[in-house]
Amino acid sequence: MCSTFYFGHWQPLSWLSYALDYALWGMEPAGWHAGNLLLHTLNAVLVYLLCVAFVQGSDNRKKTAACAVAALLYAIHPLRVEAVAWLATRGYLLSTSFCLLTCLFYFKAVARKSYPFAALLFFTLATVTKGVGMMLPLVLLLIDWFPLGRVRSIRQAVRCALEKTPFFALSMLTGVMAFLAKKMQGGMASVEQYGPLDRFGQALSSFWFYLSKTVAPIGLSPLYDKPPAALTVAVALLLTAMLLSGLFLFRRRLRGVIVAVAAFFLLIFPMLGFTQSGKQVMGDRFTYLAVIPFSVLLAGGLMLCDKTRRTVWIVLIAFVVFCGAQTYFWSRCWSDDLSLWRSAIQVDEENAHAHNSAGAALLNLGWYEEALVHIERALEIKPWDGLARHNRALILTLLRRHEEAFEEWRIALAISKDDPAAQAKILLFRGWAFEQVGDPVSAEKDYVRVINHNEFDALQRARGFFRRAELFASQGKMTRAAADWQRVLSLIEPTHELYGEAERALQNIAR
């Protein structure tokens, strides 16, 4: 777990949490989702405690109410849905828990004038869970400046920075491991593909996108895949200039706002797109930790409002109700694949990946004609999408339009020549299609290509052996089938589902 870069992630403690879920619940999703909900509830409580620790005021009743509302709004905000509903984002939840504990124990250590050993321990756990909090040491320096008041000169700033040397070392380690994980996955865009100006424009636009969705959480999507337009970047640049000018002019009166905005920027910086990887340009989950400074700022602001107190609370309660309703409806979209990708299409009808994924969901439901409509729409938007070509070929096969299907697979293989995983998938399915039309010779050729391809991993080759074994068994060639099933057992771990299927097939032959 500590050495794997599975799916382009280095997150040992997250993998351990998944292992615990598997030990407790097996593959029953309800138990896994309960774990995510439990972590999110814990984080909401920790946000409340963080607000209580940082917000100043002698009116305890007012302080409790302000901190509770800030934590509640954080918990039920629609931007939290993706991180909680999607099981693959466990690392964001768990790492945020440790980051919040880091801040709480750091605050306590400063109050006691002792070294923050407990904070360092929790930060260590945060870094080996997921790298979302790698910029937290800089946030702690901001906290030293305000509200702790430990930085009043350059000398004090240097002293505070030096005491955080272990924190910075852990951050650097996390950054290196995260970079290597993305690099080894092969999904990181090169400078030639995505130049410095493109990255800067995306980062600037993403910053304002997250701020706007925090204030107006509408039109959310599971996938934002469109790079920002030139006009969007220009507007973002203008807004940034206005924000920085305003904060500079009122720097003495708005120290809390400066810290909140700076902390938000630092925490979300690794996800702004400077090291672009994957299909997404932005993601709701990236805000899970980063927006917490605004929760603290909100609690502090509520403590300060007196004359407009009633109006502010009415507006805030209305916003809480609105967010709760939005979260309810948005979380329902995450209940199944089809609902999720249909919601993405409603936000952006030009989202090729969403159309392809909706088509795949409809294919799994057996609604082939409707699935074909979405797949063909995806290909209209993005003609050279190998996965969409493959899905279209599969649907055409099920609709018995075999000639069209094999032509689609030919194109898909040509498009996916640099993607071994996609090529293996296409060859396996095309081999199955050859079997359906009574052409076992061509089917075997495709399976052999998977078996003998040097760039295919062990699991892909095992699938090739398994499919060829089933082909041999259907032809009565049981000795050759048994040999292939034995090869499956030698290539993959006993915990894999395919291992069990091969083992059962061999047991049936033995009978």
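Here are the numbers for this structure:
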read-out: Among the listed pairs Lys213/Lys382; Lys226/Lys445; Lys164/Lys279; Lys62/Lys164; Lys213/Lys417, those beyond 31 Å (Cα-Cα); value: Lys226/Lys445; Lys164/Lys279; Lys62/Lys164; Lys213/Lys417
read-out: Within-15-Å neighbourhood charge of Val69 [Cβ basis; K, R +1; D, E -1]; value: +4
read-out: Shape of segment 7-335, Cα gyration tensor, a/c cut at 1.5; value: rounded
read-out: Charge context of Ala299, other residues only, Cβ under 15 angstrom, K/R +1, D/E -1; value: +3
read-out: Contact order relative to length of the chain, as percent, for alpha carbon pairs under 8 angstrom and 6 or more apart; value: 13 percent
read-out: Cut-off under 5 Å, modelled amide H: who pairs with Tyr224 long-range; value: Val281, Met282
read-out: Local net charge near Gly386, Cβ-Cβ under 12 Å (Lys/Arg +1, Asp/Glu -1); value: +2
read-out: Residue-averaged [θ]222 nm for the chain, counting only DSSP H segments that reach four residues, each worth -39500 (n - 2.57); value: -24000 deg cm²/dmol
read-out: Percentage relative contact order, segment 336-417, counting C-alpha pairs under 8 Å, at least six apart; value: 23 percent
read-out: Sorted by Cβ neighbour density within 10 Å, fewest at the top, the residues Leu148, Leu101; value: Leu148, Leu101
read-out: Which of Cys305, Cys103, Cys323 has the fewest Cβ neighbours within 10 Å, and the rest in rising order; value: Cys305, Cys323, Cys103
read-out: Fewest-first sequence of Trp384, Trp10, Trp208 by Cβ atoms within 10 Å of each Cβ; value: Trp384, Trp208, Trp10
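Computed from the coordinates by the stated procedures, all read-outs in this text should not be read as laboratory data. Treat the numbers as computed from the prediction; the structure is a model and nothing was measured. Please note: Cβ atoms are built from the backbone with ideal geometry, for glycine as well, and neighbour counts cover all protein chains shown.
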